Amino acid sequence: MTTELSSEVRYRFGKNWAEFIAKNFNDAIVEESRAHLARFLRVSTLETLTFLDIGCGSGLHSLAAHRMGAGRIISFDYDGESVKKTERVRDYVGNPSTWTVMQGSVLDRKLMERLPSADIVYSWGVLHHTGEMWSAVRNAAIPMKPDGMFYISLYSSDNYVDPPPEYWIKVKQKYNAAGPIRKRLKEWQYAMRFSVLPELKAGRNPLGIIRRYGSRGMKYWTDVKDWLGGYPIEFASFQETRDFGERELGLDLVNVSTGEGCTEYLFCRLAQNPYWQSIAEQRTPRPLQGPYSPQGGASYAVPLPHLETMADSAADPRCSALMLYEDGRMLGIAHSAHDHIRRYGKGRFSHWGTSLYFSGSDNSDPNTNGRSYAYCERF
């Protein structure tokens, strides 16, 4: 994950990843990354496929692709330190000739046009740090094969509402301008406010969230530094990203994972990708039956008692795999806080307990806006 602006406050992602590799690299975190990649792509192998890792950072996810048998891997990063660490990770598995590591920028359109065509273009938490996010997204799609997959994650403006993106931009500027001691203090302040205190209020052991932390093979303190330091930064809503993929790139959104700081998106051209076309055809949207009960603000509810066993709950707030549609299109951010659905709406929804709480894409009343709503139980 690297920034691509000449700026004194630009965060050195490569240094953070070097520390991560030095302290935490092991087979367990590689397996976590591999499992996450396989689960989201819904494949068990990448045999014969070309995997392009844009902003490869530590090289961990390129290694996960190698573990999945990728026929060819191309990893590049703007940060020279990240390139070195990815080379070290490649050496860990014998420096295979099928894995190329290089330095480069996704904003360099000529570079992107020279790269070999890729079956999977992957860029996790990177493109929003370039200073030109939508140009970066557009360029990243250039090497994608007609029947390929485009897997990106972007910081979601839907999730960052309290505090809002403007708050975090200032926090990041101050963090990067701070010395080593002040940086450590800011890291602990962040952990206290957003991890320790919420866990204590919920009656849980606050150390548990740190011990259990393992998203994509990452570690808690590595991600804290990555988040506080990551500058420049841009945010994008679910609807903005979905529409950009469809209108600007001509791609269909076929998978999404929401509810975290970054929202993950998987795009392809359904007409040219038989595998995902078959998955899409197996999804059976079921019409929601109104009337929808007003919950205040933009929020409305409809009972789904027959789906309670697969719904989110206090014990598992990201259990549900339900997807909600408005007029046949994926609507918005799942697993949303109910207060956020009421206050901000814009397609946010939550399948919780015996009910579905949701908002229309433009916060209009779903009882009278003339639109149809449907859900897919297992997206």
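One table, with the values for the structure above:
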quantity: Only one of Tyr300, Tyr292, Tyr265 that is among the aromatic types (Phe, Trp, Tyr), crowded, with 19+ Cβ neighbours inside 10 Å and closer than 22 Å to Asn139 by Cβ; calculated: Tyr265
quantity: Complete set of residues in the stretch 304-354 that are at pLDDT 95 or above and among the acidic types (Asp, Glu); calculated: Glu308, Asp312, Glu326, Asp327, Asp339
quantity: Test: residue in the stretch 124-137 that is β-branched (Val, Ile, Thr), in contact (Cβ under 8 Å) with a residue 60 or more places away in the chain, within 24 Å of Glu234 (Cα to Cα) and in contact with a Pro (Cβ under 7 Å, 6 or more places away or on another chain); calculated: no
quantity: Condition met for Ser157 (surrounded by 14 or more Cβ atoms within 10 Å (Cβ to Cβ), closer than 30 Å to Asp339 by Cα and touching an Asp or Glu at 6+ places or on another chain (Cβ under 6 Å)); calculated: no
quantity: Of all residues in the stretch 79-105 being in contact with a Gly (Cβ under 7 Å, 6 or more places away or on another chain) and buried (at least 16 other Cβ atoms within 10 Å of the Cβ), the one that is farthest from Arg12 (Cα to Cα); calculated: Arg90
quantity: Single condition Lys201 does not satisfy, out of (1) within 24 Å of Asp158 (Cβ to Cβ); (2) at pLDDT 95 or above; calculated: (2)
quantity: Of all residues making up the stretch 271-285, the number that are touching a Phe, Trp or Tyr at 6+ places or on another chain (Cβ under 6 Å) and modelled with pLDDT of 95 or more; calculated: 0
quantity: The stretch 212-263 - residue that is among the polar types (S, T, N, Q) and part of a loop (DSSP other than H, G, I, E, B) and, of those, modelled with the highest pLDDT; calculated: Ser237
quantity: Qualifying residue in the stretch 169-179 (condition: hydrophobic (A, V, I, L, M, F, W, C), without any contact (Cβ under 8 Å) to a residue 24 or more places away in the chain and not assigned by TED's automatic domain parsing to the domain that holds Asn363); calculated: yes
quantity: Single match in Val89, Val137 (criterion: among the β-branched types (Val, Ile, Thr) and at pLDDT below 95); calculated: Val89
quantity: Failed item in (1) closer than 28 Å to Phe358 by Cβ; (2) in contact with a Phe, Trp or Tyr (Cβ under 8 Å, 6 or more places away or on another chain), with Asn159 passing the rest; calculated: (2)
quantity: Some residue of the stretch 277-290 being basic (Lys, Arg), touching a residue at least 40 places away in the same chain (Cβ under 8 Å) and outside any strand (DSSP E or B); calculated: yes
quantity: Among the candidates Ser336, Ser350, Ser320, residue that is crowded, with 18+ Cβ neighbours inside 10 Å, in contact with a helix residue (DSSP H, G or I) (Cβ under 7 Å, 6 or more places away or on another chain) and in a loop (DSSP other than H, G, I, E, B); calculated: Ser320
quantity: Positions within the stretch 364-379 being under 20 Å from Asp339 (Cβ atoms) and surrounded by 15 or more Cβ atoms within 10 Å (Cβ to Cβ), in sequence order; calculated: Pro366
quantity: Among (1) in contact with a strand residue (DSSP E or B) (Cβ under 8 Å, 6 or more places away or on another chain); (2) at pLDDT 95 or above; (3) not β-branched (Val, Ile, Thr), the one test that Tyr78 misses; calculated: (2)
quantity: Cβ pairs under 6 Å, 6+ apart, first in the stretch 20-39 and over 21 Å from Leu266 (Cβ atoms), second modelled with pLDDT of 90 or more and of a type in the set (A, V, I, L, M); calculated: Val30/Leu63
quantity: Count of the stretch 305-317 residues which are part of a helix (DSSP H, G or I) and surrounded by 13 or more Cβ atoms within 10 Å (Cβ to Cβ); calculated: 3
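Yes/no per residue for (1) within 25 Å of Ser237 (Cβ to Cβ); (2) of a type in the set (Lys, Arg); (3) out of contact with any Ser or Thr (no Cβ under 9 Å at 6 or more places or on another chain); (4) at pLDDT below 90:
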residue: Asp158; (1), (2), (3), (4): yes, no, no, no
residue: Pro164; (1), (2), (3), (4): yes, no, no, no
residue: Tyr167; (1), (2), (3), (4): yes, no, yes, no
residue: Lys170; (1), (2), (3), (4): yes, yes, yes, no
residue: Lys174; (1), (2), (3), (4): no, yes, yes, no
residue: Gly179; (1), (2), (3), (4): no, no, yes, no
residue: Arg182; (1), (2), (3), (4): no, yes, yes, no
residue: Lys186; (1), (2), (3), (4): no, yes, yes, no
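The values are calculated or read from the model by the stated rules, or taken from the named source; none is laboratory data. Computed from a prediction, not measured in an experiment: that's the story for all the values here. Cβ: placed from backbone, ideal geometry, glycine included. Neighbour counts: every protein chain shown.
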